[in-house]
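J.: My questions all concern the structure below.
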Amino acid sequence: MAKITLNTSEIPEGKPKRVEIEGKGVLVARRSGKFYAIGDKCTHMGCSLSEGTLEGTVITCPCHGTKFNVTNGKVTVWVGKYPVLGRLTSFMKKDEPVYKATVEGEEITISD
Ligand code: FES
């Protein structure tokens, strides 16, 4: 099992952070005191989701507006900035992998 441990203070409320686990980018987010971790590489064309905007538990990719729920990695909107492109590429639609986020005291461990 690959993992990384961080201090919970490194993940401020509502401000996602990118970490790497064995070369794979992982987005870690804190919402209402809970921690979530999903793949950071957008399943559309690979942009970094941690550079996107987190609203509630939904992160929006900065490139073409695909939205993912950080609690379960599911796509909620595919290519939202370009609806026509979104429809044409809907066959590519793929959810993000979900990682385990375990908190113990001040430490959070992210594992696959
Ligand atoms: S790369 Fe993320 S929406 Fe296109």
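Every number in this text was worked out from the coordinates using simple rules, so none of it is lab data. The model shown is predicted, which means the values in this text are computed figures rather than measured ones. Cβ sites come from the backbone with ideal geometry, for glycine too, and all protein chains shown count toward neighbours.
J.: With 10 angstrom as the radius, rank Ser90, Ser32 by how many other C-beta atoms surround their C-beta, starting from the fewest. Before the final figure, lay out each step's value.
T.: Numbers: Ser90 11, Ser32 8.
Fewest-to-most ranking of Ser90, Ser32: Ser32, Ser90.
J.: Roughly what would the spin-label model give for Asn72 and Lys17, points 7 Å off Cα along C-beta, in nm?
T.: Calculated label separation equals 2.7 nm.
J.: For Ile38, Ile4, Ile11, what ranking results if the residue with the fewest other Cβ atoms within 10 Å of its Cβ goes first?
T.: Numbers: Ile38 24, Ile4 17, Ile11 21.
Fewest-to-most ranking of Ile38, Ile4, Ile11: Ile4, Ile11, Ile38.
J.: May I ask you to list the lysines whose Cα is less than 18 Å away from that of Lys100, ignoring any residue fewer than eight positions away on the same chain?
T.: The qualifying lysines are Lys3, Lys17, Lys24, Lys34, Lys41, Lys74.
J.: Any aspartates and glutamates with Cα under 12 Å of the Lys15 Cα? List them, leaving off those in the same chain fewer than 8 positions away.
T.: Counting by Cα, and skipping residues close in sequence, Lys15 has these aspartates and glutamates nearby: Glu51, Glu55.
J.: Taking the Cα centre as origin and putting +1 on Lys and Arg beta-carbons and -1 on Asp and Glu beta-carbons, what dipole magnitude results for the chain, to the nearest 20 debye?
T.: It works out to roughly 540 debye.
J.: Another question about this same structure. Could you grab the Rg to Rh ratio for the chain? Cα atoms only, Kirkwood for Rh. Walk me through the intermediate numbers first.
T.: Working: Rg = 13.8 Å, Rh = 14.0 Å.
Here the Rg-to-Rh quotient is 0.99.
J.: To one decimal place, what Kirkwood hydrodynamic radius in Å is obtained for region 56-95 from all pairs of distinct Cα atoms?
T.: 10.0
J.: Using 0.36 nm times the number of residues separating Ser32 and Thr102, minus their current alpha carbon distance, what extension gain do you get?
T.: Details: separation 70, 0.36 × 70 = 25.20 nm, distance 1.53 nm.
So the extension gain works out to 23.7 nm.
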